[in-house]
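Below: the structure, in structure tokens.
The values are calculated or read from the model by the stated rules, or taken from the named source; none is laboratory data. Remember, it's a predicted structure, so these values are computed and weren't measured experimentally. No Cβ is skipped: glycine too gets one built from the backbone with ideal geometry, and neighbour counts run over all protein chains shown. Only protein heavy atoms, including side chains, enter the accessible area calculation; ligands, DNA and RNA are left aside. Shrake-Rupley method; radii C 1.70, N 1.55, O 1.52, S 1.80 Å.
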Protein chains: 2
Amino acid sequence: MNAQTKFEELEVGYDVPAIPGMDEADIQTPALVLDLDALERNIKKMGDYAKAHGMRHRVHGKMHKSVNVAKLQEELGGAVGVCCQKVSEAEVFARGGIKDVLVSNQVRDPQKIDRLARLPKLGARTIVCVDDIDNVADLSAAAQKHGTELEVFVEIDCGAGRCGVTTTEAVVEIAKAVNAAENLKFSGIQAYQGAMQHMDSYEDRKAKLDIAIAQVADAVEGLKAEGIECDLVSGGGTGSYYFESNSGVYNELQCGSYAFMDADYGRILDKDGNRIDQGEWENAFFLLTQVMSHAKADKAIVDAGLKAQSVDSGLPFIFGREDVEYIKCSDEHGVVADPNGVLKVGEKLKLVPGHCDPTANVHDWYVGVRNGKVETVWPVSARGKAY
Amino acid sequence: MNAQTKFEELEVGYDVPAIPGMDEADIQTPALVLDLDALERNIKKMGDYAKAHGMRHRVHGKMHKSVNVAKLQEELGGAVGVCCQKVSEAEVFARGGIKDVLVSNQVRDPQKIDRLARLPKLGARTIVCVDDIDNVADLSAAAQKHGTELEVFVEIDCGAGRCGVTTTEAVVEIAKAVNAAENLKFSGIQAYQGAMQHMDSYEDRKAKLDIAIAQVADAVEGLKAEGIECDLVSGGGTGSYYFESNSGVYNELQCGSYAFMDADYGRILDKDGNRIDQGEWENAFFLLTQVMSHAKADKAIVDAGLKAQSVDSGLPFIFGREDVEYIKCSDEHGVVADPNGVLKVGEKLKLVPGHCDPTANVHDWYVGVRNGKVETVWPVSARGKAY
């Protein structure tokens, strides 16, 4: 803990929203705040679940973009490493000491392939997804150039409608080409059904995953028939991990949002019809904001707008408050309906953002709090690493 | 121009999307690209307009968050300084050498007020908005503490429904309190009608501005009746600046988006019913993206999703292309409808983002291009400065 715990005592700059040791009430807004107790409980719970079900858990680093959070997931949740979506993110995690890194995405640009092929030199097992046989020669050439080995997952599009092949024949064809190429190794299948994660109903989600699991099982059988070993079958998110874990086909999970929670995920329902943020997972991720104007009696203006969060999945809700509501978001302001005029200028509110991933991506820092005190300030290490 | 113009020649890191001197085709994606010719023409055109109409132009730095762009606006567009929305942004512009900085927003937090009161020490005239008489004593105390002078605009809510007072009585009351306070000076009125800027019809926008102008004129008269000089009347955006410029009431503009343009602003119509991005202003701001998968015949997957842009004001359009359409945006991917299968993996497309301000705010760099070459790489200096 730092001896300096107030901003007034800093001689230069204010480029962090908080200083370890200061009161939570003194955090500068808008700022991302992590409830460390809730975060740790979420991480431990998912880790225990994965262990009990014999699943590896490769946590999704694209959600938090933080080496510190990834290491906490290894330490408390038994995570085997991370997945992420961009080579520039993978560089940050590998430099940060994560030893098993999957780019759960296609890498096609020559410069990016070159960067990817250097990653094993940092000591990280490096895996990348392929959905096009034309990609294999380029990956192999770069790995040979750098004297490294790249592992490959063939990506199956099992319903998300983005990258990935759709037939077992294509999976087998690419896997064969990978194993025939120098400095490449076929290591498994990437099959993440991203499109169903946010469907409210458990039964609707199950129906989509049943289809995905059957498709992946067919691919695994197809590989086996050709004598190709499929070490890892990887996928699963916060809205589906129990399906993959009980499938008998998948052996690696890729959950991300469970650790933080957000408003959009929180709304989906568990098997018993309860919101998953009311029992299954705790809200650990907040956007702290402050009332900066109350010139109209029934509206408070707060300092967190579009530059402090993403509203692609809806507006934030105000944690623990039923009497006030965040109703409008512009570039720099949020409008909070305050029909009874209970809010005061200077008062702080904890927002639960609509979508955690792109909200984390606009901030430079996480402020970790426990028992009303700032315990740590972590960089959002891979913020903006989109290339 | 740097002698190193290819990434392969860099010995360490790839933390920039481009190197000056390289071909535009080699920029790593996703990246923000500025067409320097178009940008300079936009800046010069607005500067000429302001000059011809006797208006000061205080350019809105919250849009681009770039010291380099602000200085270009001073140099080519005769800008008198910047406005911005946050104290942390104002710090960046003042440190960067901008000599006249308005925080066109309320500053209420004690720590932020303290930081604001230090800004004049950097050599910048510092102006802040007030909409609550309770703010005056705090600003005065901080300015006295630091031995500086803060200037104050009283903010009028002339239709945006956010911060600002709504009566001439309140304007006069606050202006008097400011002039009575030590180390503060009342310098004018902030009256930006943000809610009408994006209305499609010129006549609808005019109707809203007519109301705003009448409201502001009443306030100016009210101040004059009390013997209070109102030096500056400041406001106006890309969708309204001609109304303020011809009002006889305003004498300072605050335009931002005109310099870059975006899809949402581009759709609004000028007096003759033409889109403003087809004549009035040029698209100078692009999100360069690359096709990374084309596993389905009629869909290309590109590498710019929610982490590379804000979709609060709609999806981007693809510049100069009628044959393909960006139809879906997820965290890391964009789905481009390609009904005729014309796109190839590796091909790059220039997106015009829906909303320039929050899109700029997720990137670390602007890549300035001219004649197919990268001329400059500018930092998004105040990126993430939301506090």
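For the structure I just gave you, tell me whether A:Val336 is open to solvent by 10 Å² or more (accessible area, probe 1.4 Å), out of contact with any helix residue (DSSP H, G or I) (no Cβ under 9 Å at 6 or more places or on another chain) and more than 10 Å from chain B (Cβ to nearest Cβ). Here the answer is no, as A:Val336 does not meet what is asked.
Search the stretch A:93-111 for residues being within 11 Å of another protein chain (Cβ to nearest Cβ) and open to solvent by 20 Å² or more (accessible area, probe 1.4 Å), and hand back the single one that is nearest to A:Ala79 (Cα to Cα). Ranking the candidates gives A:Arg95 first. Going through the stretch B:183-217 one residue at a time, which ones are over 21 Å from B:Met55 (Cβ atoms) and open to solvent by 30 Å² or more (accessible area, probe 1.4 Å)? Those that are over 21 Å from B:Met55 (Cβ atoms) and open to solvent by 30 Å² or more (accessible area, probe 1.4 Å): B:Asn183, B:Lys185, B:Ala195, B:His198, B:Met199, B:Asp200, B:Ser201, B:Glu203, B:Asp204, B:Ala207.
Between B:Lys71, B:Lys62, B:Lys51, which is within 13 Å of another protein chain (Cβ to nearest Cβ) and open to solvent by 10 Å² or more (accessible area, probe 1.4 Å)?
B:Lys62
So, of the residues in the stretch A:312-328 that are assigned to a strand (DSSP E or B) and out of contact with any Lys or Arg (no Cβ under 8 Å at 6 or more places or on another chain), which turns out to be surrounded by the fewest Cβ atoms within 10 Å (Cβ to Cβ)?
If we filter the stretch A:312-328 for residues that are assigned to a strand (DSSP E or B), which is where we start, we get A:317-318, A:325-328.
Filter once more, keeping what is out of contact with any Lys or Arg (no Cβ under 8 Å at 6 or more places or on another chain): A:317, A:325-328.
Values: A:Phe317: 20, A:Glu325: 14, A:Tyr326: 24, A:Ile327: 12, A:Lys328: 16.
Among residues in the stretch A:312-328 that are assigned to a strand (DSSP E or B) and out of contact with any Lys or Arg (no Cβ under 8 Å at 6 or more places or on another chain), the one surrounded by the fewest Cβ atoms within 10 Å (Cβ to Cβ) is A:Ile327.
In this structure, A:Gly159 qualifies as modelled with pLDDT under 95 and either open to solvent by less than 10 Å² (accessible area, probe 1.4 Å) or touching a helix residue (DSSP H, G or I) at 6+ places or on another chain (Cβ under 7 Å) (or both).
The single residue among B:Ala195, B:Ala225, B:Ala219, B:Ala214 that is small (Gly, Ala, Ser) and within 14 Å of chain A (Cβ to nearest Cβ) turns out to be B:Ala195. Quickly run through the stretch A:141-156 and pick out the residues that are open to solvent by 10 Å² or more (accessible area, probe 1.4 Å) and touching a strand residue (DSSP E or B) at 6+ places or on another chain (Cβ under 7 Å). If the condition is that a residue be open to solvent by 10 Å² or more (accessible area, probe 1.4 Å) and touching a strand residue (DSSP E or B) at 6+ places or on another chain (Cβ under 7 Å), then A:Glu149, A:Glu151, A:Glu155 are the ones that fit. Among residues of the stretch B:271-311 being basic (Lys, Arg) and away from chain A (no Cβ under 14 Å), the one that is surrounded by the fewest Cβ atoms within 10 Å (Cβ to Cβ) is B:Lys271. Considering the stretch B:367-387 alone, what residues qualify as being surrounded by fewer than 22 Cβ atoms within 10 Å (Cβ to Cβ) and within 12 Å of another protein chain (Cβ to nearest Cβ)? Within the stretch B:367-387, just B:Pro379 meets the criteria. Just name the residue that is surrounded by the most Cβ atoms within 10 Å (Cβ to Cβ) out of those in the stretch B:245-267 that are of a type outside the set (Ser, Thr, Tyr) and closer than 25 Å to B:Gly334 by Cα. Ranking the qualifying residues of the stretch B:245-267, first place goes to B:Phe260.
Scanning the stretch B:120-138 for residues that are part of a helix (DSSP H, G or I) and either modelled with pLDDT under 95 or not hydrophobic (A, V, I, L, M, F, W, C) (or both) gives B:Pro120, B:Lys121, B:Leu122, B:Asp134, B:Asn135, B:Asp138. Please specify each residue of the stretch A:17-45 satisfying the condition of being away from chain B (no Cβ under 11 Å) and part of a strand (DSSP E or B). Residues satisfying the conditions are A:Asp23, A:Val33, A:Leu34, A:Asp35.
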